Structure formats: C-alpha cells, structure tokens
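The values are calculated or read from the model by the stated rules, or taken from the named source; none is laboratory data. These figures come from a predicted structure and were not determined experimentally. Please note: Cβ atoms are built from the backbone with ideal geometry, for glycine as well, and neighbour counts cover all protein chains shown. Surface areas here come from the heavy atoms of the whole protein model, side chains and all, with no ligands, DNA or RNA. Shrake-Rupley method; radii C 1.70, N 1.55, O 1.52, S 1.80 Å.
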Amino acid sequence: MSGFGLNYTKIMHKKSLLLILASILFSFVSAQQTEDILFTIDDSPVYMSEFKRVYLKNIDLVKDESQKDVDKYLDLFINYKLKLKEAKQLGLDKKDVYLRELEGYKKQLSKGYLTDTQTSETLIKEAYDRSLERINASHILINVKSNASAKDTLEAYTKIKEIKSKIDKGEPFEMLAKTYSQDPSVVQNGGNLGWFSAFRMVYPFENAAYNTKKGEVSEPFRTQFGYHIVKVNDKEKKLGEVTVAHIMVAVNDNRTPEEAETRIKEIEQQLNQGVSFPSLAKQYSDDPSTALEGGKIRRFAQGALNSKKFEETAFGLKERGQLSGLVQTKFGWHIIQLIEKHTPKTFEEQKDELTKKVERDSRSKLVTSSFIVSLKKKYGVKKNEEALAYFKGLITNEFFENRASILNGEQLNQELFTLKTKKFLYKDFADFLSRNKGRSIPTEGIEFYVNEMYAKFESKALLTYYEQHLEEDNSDFANVIEEYRDGLLLFDLMESKIWNVSKTDSIGLRKFYEAQKDKYRQDEMYKVVRASSSKHEAIDKVKQLLLKKKSVDEIRREINTENAVVFFSEEELIKGDDNLPKNFSGKKGKMTITEEENLRTLIMVKEILPSRIKTFEETKGAVINDFQENIENKWLDSLKGKYSVKVNEKTLKRAKKELSI
C-alpha cells in the first residue's frame, strides 16, 4: 500500500501515525473564493494552491517514482480527501474521545510556542560553547534561604564579602573553605568540586565559573543555596568522539566463559595472520547491530556506552587501524579497532539535545521572563500601580491567619488590566491571592509579597490567554493543529473500516490466503557448511576431508592447530540472496570457494530445500497487509460512488505546467 494509505502492521499506536502524518500531510489555509478550484467533492471545493503545496512539500519524501506523476499523485490526494469527507460524515470529529485527544495534542504542541525563541537560541548557543570545555573549580558557600529575611540575607552577604577580602589579601583558599564554607562536602574535598561542564551546576554557579579566568577567584554571587565564591583551578578542552569497530564474542547460554575466551583468541590469531577485521566481524561477531557493518559502531563520546572499560580502551587507541588487546566486559570479550577520532560535534548536531536540556534547566526561567516581557508589549499591559497600592494596604497579618478576607469591597470590581477583549478585575487577583496564600506572614514583608504575587498572576494570565488564542495569533500553530485534526480522524476511520476488520475477520483472512497462496512462495533454500581461514592450504585440506565424508567435528579436530585456525558454521541460504557468492553452485555436495581480503571461505551444500508455499502462520504479516489493501481498494471504490468527485481539467492542466520540474 502506498501514498496516503497506511498498513495496520506499520502502525503501533496513534502517536507513531501522527509522526508519519506530520511529515507527509499538509497545512490548510482559509479557502478564498477567488482561488482556482482543482476539484470538488459533493460541491466542497479543493483549491489548486493547496494541492501544489502538498505536492511540493511531499515530493522528496515519495520513494515510488510513479507517484511523482501529477495525475497519480492527484488520485492519492483525492482518495485522502474522500476518507476525510467520510470521517466527518460519520461524525468522528464530534466524538468525545477524539476531542479530548486533540486537546491533549494541542496542549502539548503549544509548549513550543510559549517561549522567546531569540533568548532561547542565545542560551542554547552559550550552552554549546561551554560544553566544549570542562572546568575544575573550588568554592566557598555561606547558606541563605531564597526567602530569607533582609536581615539574614545581609548577614550572609557581609560574611562572604569578608571571606573574599581575606582571599584578596593572600590567605589560602582551601584553608578559608575549610574554616568558613557551609557546604557539607568541604570536610572531604576542601571545597574542590572536581571537573564539570555545562548543565552540571545550577546556572548562576555555572555562569560564575565560566566567566572567571583560570587561577582567579570570582566576586561573591548568589544561587538558590546562598552566597558563593568560586576559584577556577583549571580549564581544558573536552575530548571529542571516536569511531571504532569491534568483534564481540558473547558469553551466553550456548557458550561458557572459557569457550568465549578460546574463540576470541582464535579470532585474534586470524587478525595477526593478516585476515581483515571487517571480514572476521561480519562472520563471527556476536553483536548483530554492528556485525554486518564490519563491526563498526556509531561514533560516541565519553560516557555514552554502558562499559567504562570499553570506552577507555577505545579512546586510548592512537592510530587509525590500531587494534586493542583482548578486552573483557560484562557483555563478553572484544577486540577493538580504531577507525577515526572526531572533533566535538557541531552546534547543529547537538542543537536538539541542548534545546531539551535548556528547557529542563533553571536557565529556562530567563526564556520565560523574556517571553512574558514580549507578551506585555504585544498586549500593551502595564503594571497597575494603583491596584498594587490598594492590595498592599488591604492585606494584613490576619489575612494569612485565615481570620480575615480581602474578597470584599466595591473596589474589587475595578479593572486590573485587559488582554484584547478579556478584562481582569481586582477580584480575580484577590481570588488568586486567597488560593495561593500560606499559613504564615512572609518573612520578606507584605510589600514584597504583593509585588511577587502580582507578577505571578500577571504572567499566568498572559500565558494562559496567549495559549488559548494561539490558533488566532499564530498561523504556523494553526496549520500544525489542522494536520493533527485530520491525522486523528484518518486514524479512527482507518481503524474502524480497515485495520479492525483484518483483526476480527479471521475466516475472511484465511480465505484470502487460500485464494492466492501461490503468491506466498518460499524460494529454494540450501543448508550449507561454511569454513573460513586465512590459511589457504587449510581450506584445501578441509575440501579434501569433506570429499572423504568426514564430519565437521572430525575435520575441526584434525585441522585446527596453533598454526592454522578454521572457523566452521552451518547455515541456511536462500536462492538469489545477495550474500551468495557469484560463482555459488546450488547443487548438493558441490563446494564453492571465495576469497576476500586474505580470507578464504569454502561453502558446501549439504541439502537442498525445494521451493514451497509458505504456511499461513509463516506469512501472516504479509497476508494481513495484502488483505487490508484489498479491503481498502474496495472501500475507496464505494466512496467514489457515494460522493461526487469532479476535476477541473483546465485547472489541472495549469497545475501540471506549474509543477513540471
């Protein structure tokens, strides 16, 4: 099945479908009556501009060259529109489940639009630059709570300034740290925090460390923990990444640790005799994810793998092609070969990962604050000083003790501020204060409390209003939401009309298989013995022993010595497989010998399994796919009979001309 049709076996859940749809569907715009109509479905117009956008957006994603033909692509597009028409006709867009799920996606998607992009980009780039370097630093901490009183805050600040003065006069940092620092770890480390890079410390601390030169001490600064002084002991560029290949011999239910060690030593011997690393990895590595690539592992940085020993060995290799010794990890035995050492990833390569880290980090508050400022400007919101004065005078200590209320008074009906057409009253802020008040008087005082709560209320109101009106204010967001709407409808429709049928109609599925089971034929297969060695004479000897009807075990015992190692395996190969040697003979008892990079391989056919029709159980997945496609084609024919589709040939001709590439 192709185009806008989707197979059941390819769909794991709704989110995976929507990810597919997000890349192949299209964004709708408000239809303008002056646009050229390409076709109609029951008098509902579809415009040429919409079709052109879809075609141009998806053309590079289409693998089937035939679908790049405008006429064939138009057929797919019409089928897609017919499905959406049917979904709405059935009322699927009115279902509570659909509406709830759409609202959930809308809520999730909106998060990406509730941010200051410029500030975020600056912080992401800063994080990248810092990620290229690591710092060794020591610090002194004087504890002070984030909501401490002015008196306690001043005392802590005075203390940290006195310590900084002592440092400036030449007193040893470590001695002062042990004497004054209130960081519990100072007893063990003398204030030394070791090595760290971006995101390892709270953002204000990270800032101070990266903005202080090597060997120097920062000015006092504050974090959520209190006041600090940081001394930068050292700075150095971080290592980049490395690409290696490996051959792994696993310890598992079929191989004891002793057997694994013996086998890895045999492989090492073959390498020493000149057999290429990729050839041995392809045939004998127990890591299926890398064996076919000659053992090559995707490049990685320090800390990326689950084996410190493997990483240390990999980064310790110096020259391209250099081999490690035998390396034992929890996965088994390895031989590692260095392919390439890489400089650190570029900004673009790390941008997505860094973006997520910035969003989770305390520095994201800077992005939020900047975005709030932009919303204030957008909606023309200014701080209501008169209202602030009113609440500062209204709130008393009794308010926090629940013996008094501020939800009274005619002044509460006054306007606090307006966001376009939505008015917020004094009463709304009063309700917010009542819902969020604590049980005791804030240590900072009433004035500080009211200012802080007003800022929180204003920010929440701005963000909520903007989110609720995103589709009106942001065309990009509106277009993406429209894609999700159609994607959810299509999923529900296809599930009820196509996919569920193949799951529930087991009799129909079986009949479909029986009617065309010759289509599901297994090609001829060969059971073979494979023997490989870098010693050509050893393979010649294996050939002679096989001709004498010796068993594989007998040959292995006779052939394998300290000077010659032959690897044996028994496999099943399919006729026509790309991995078969070009000169392969598919006759029973026949032997084929190949050579690749100093590795000689003999393949002997032990048994021929003739072509046969696969059983229903063997090919059930393919049968389900074909069954679904058959159902969908019949269903689409019925939709074309149910709804009237009229194509404007004149407009189509012009579309073809404009889309000719």
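Which pairs, out of K356/K382; K213/K308; K52/K83, put more than 23 Å between their alpha-carbon atoms?
Numbers: K356/K382 32 Å; K213/K308 31 Å; K52/K83 20 Å.
The pairs that break the limit, which is 23 Å between Cα atoms, are K356/K382; K213/K308.
Would you work out what percent of the accessible area of the range 221-265, with all protein chains in place, is carbon or sulfur (probe 1.4 Å)? Walk me through the numbers before you get to the answer.
Working: 1030 of 2230 Å².
Carbon and sulfur together cover 46 percent of it.
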Full extension from S638 to R521: what is 0.36 nm times the residue separation minus their Cα-Cα distance, to one decimal in nm? 38.9 nm
Just how far, in whole angstrom, is the range 294-344 from the range 140-169 if you go by their alpha carbon centroids? 48
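Sort 572-581, 235-244 for me by packing, meaning the mean count of neighbouring Cβ atoms within 10 Å per residue, highest on top. Numbers along the way, then the final one.
On the way: 572-581: 12.3, 235-244: 16.1.
Sorting 572-581, 235-244 by mean packing, highest first, produces 235-244, 572-581.
Would you kindly work out the equivalent ellipsoid of the range 76-159 from its C-alpha gyration tensor and give its semi-axes, the square roots of five times the eigenvalues, largest first in whole Å?
55, 22, 10
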Once both label points are put 7 Å beyond Cα along the C-beta direction, the N598-K575 separation in nm becomes 3.9
Once the cut-off is 20 Å, how many percent of the Cα-Cα pairs in the range 256-367 end up in the long-distance tail? 52
Rg (one decimal) and Dmax (whole number) from the Cα set of the range 71-229, in Å, equal 27.5, 83
Given a Förster radius of 60 Å and the C-beta distance between R557 and K111 as r, what FRET efficiency does 1/(1 + (r/R0)^6) yield to the nearest 0.05? 0.35
Amide H neighbours of F39 under 5 Å, counting only residues 5+ apart in sequence or on other chains, H built in-plane at 1.01 Å? V46, N648
Just to be sure I follow: if Rg is taken over the C-alpha atoms of the range 298-341 and Rh is the Kirkwood radius over the same atoms, what is Rg/Rh? 0.92
Please give the FRET efficiency for E629 paired with I608, using the beta carbon to beta carbon distance and R0 = 25 Å, rounded to the nearest 0.05. 0.15
If each DSSP helix of 4+ residues adds -39,500 (n - 2.57) and the sum is divided by the residues in the chain, what number results at 222 nm, nearest 500 deg cm²/dmol? -15000 deg cm²/dmol
Hits among lysines - C-alpha to C-alpha of K588 under 18 Å, sequence gap 8 or more where chains match: K527, K543, K548, K549, K550, K575, K606
What list of ³J(HN,Hα) values in whole Hz, one per residue of the range 615-625 in order, does the Karplus curve 6.51 cos²θ - 1.76 cosθ + 1.60 (θ = phi - 60°) give from phi, with Gly and Pro shown as x? 5, 4, 5, 5, 10, 4, x, 5, 5, 4, 4
Which value in Å is the Kirkwood Rh of the chain over different Cα pairs? 33.1
Output ³J(HN,Hα) for the range 283-298: one whole-Hz value per residue in order, computed from phi by the Karplus curve 6.51 cos²θ - 1.76 cosθ + 1.60 with θ = phi - 60°, and x for Gly and Pro. 8, 10, 6, 8, 9, x, 6, 10, 4, 5, 9, x, x, 5, 9, 4
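Sort E618, E410 by heavy-atom solvent-accessible area, probe 1.4 angstrom, most to least.
Details: E618 100, E410 170 Å².
Ranked from most to least accessible, the order is E410, E618.
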By accessible area of protein heavy atoms, probe 1.4 Å, what ranking do L132, L271 get, highest first? L132, L271
What translational diffusion coefficient, in µm²/s and rounded to a whole number, does the Stokes-Einstein relation yield for the range 584-648 at 10 °C and a viscosity of 1.306 mPa s, taking the hydrodynamic radius as the Kirkwood radius over Cα pairs? 92
Compute the acute angle (0 to 90°) between the alpha-carbon long axis of helix 364-379 and the principal axis of greatest extent of the alpha-carbon atoms of the chain; round to the nearest 10°. 60
Long-range amide H partners of Q322 with built H, under 5 Å: L338
For the range 237-307, the Debye formula with one identical point scatterer on each Cα and no solvent gives log10 I(q)/I(0) at q = 0.12, 0.19, 0.20, 0.28 Å⁻¹ as -0.38, -0.83, -0.89, -1.20
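In percent, what relative contact order does the chain have, based on Cα pairs under 8 Å that are 6 or more apart in sequence? Don't skip to the end; give the middle numbers.
Numbers: 856 pairs, mean separation 113.7, N = 661.
Over the chain, the number comes to 17 percent.
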What's the percent breakdown of Cα-Cα distances in the range 438-596 across 10 Å bins, shortest bin first? 7, 16, 12, 9, 11, 12, 11, 10, 8, 2, 0
For the range 363-499, the percent of all C-alpha pairs falling in each 10 Å bin, from 0 up to the bin holding the max distance, is 10, 31, 26, 15, 11, 6, 1
Per-residue HN-Hα couplings for the range 160-168, Karplus 6.51 cos²θ - 1.76 cosθ + 1.60 at θ = phi - 60°, whole Hz, x for Gly and Pro? 5, 5, 5, 5, 4, 5, 5, 5, 4
Per residue, in Å², the accessible surface of the range 59-203 once ligands and nucleic acids are set aside, probe 1.4 Å: 55
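Which length gain, in nm to one decimal place, applies between V373 and S307 when the Cα-Cα distance is subtracted from 0.36 nm times their residue separation?
Working: separation 66, 0.36 × 66 = 23.76 nm, distance 4.69 nm.
Length gained between V373 and S307: 19.1 nm.
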With the full set of protein chains in place, find how many percent of the accessible area of the range 84-131 is carbon and sulfur; take the probe as 1.4 Å. 51
What percentage of all Cα-Cα pairs in the range 146-267 are separated by more than 20 Å? 59
Given Cα pairs under 8 Å that are at least 6 residues apart, what percent is the relative contact order of the range 286-361? 18
Rounded accessible area per residue of the range 504-590, 1.4 Å, Å²: 65
So what's Rg/Rh here for the range 514-638, counting alpha carbon atoms and using the Kirkwood radius for Rh? 1.21
Suppose each label sits 7 Å from its Cα in the direction of the beta carbon; what would the K57-Q468 distance come out to in nanometres? 2.9
Tell me the relative contact order for the range 392-530 as a rounded percent, counting alpha carbon contacts under 8 Å between residues six or more apart. 15
From the cross-link list K85/K620; K57/K357; K68/K95; K107/K423; K377/K427; K296/K351, which pairs have alpha carbons spaced over 28 Å apart? K85/K620; K57/K357; K68/K95
5 angstrom amide H check on K614, placed H, neighbours 5+ away: R521, Q522
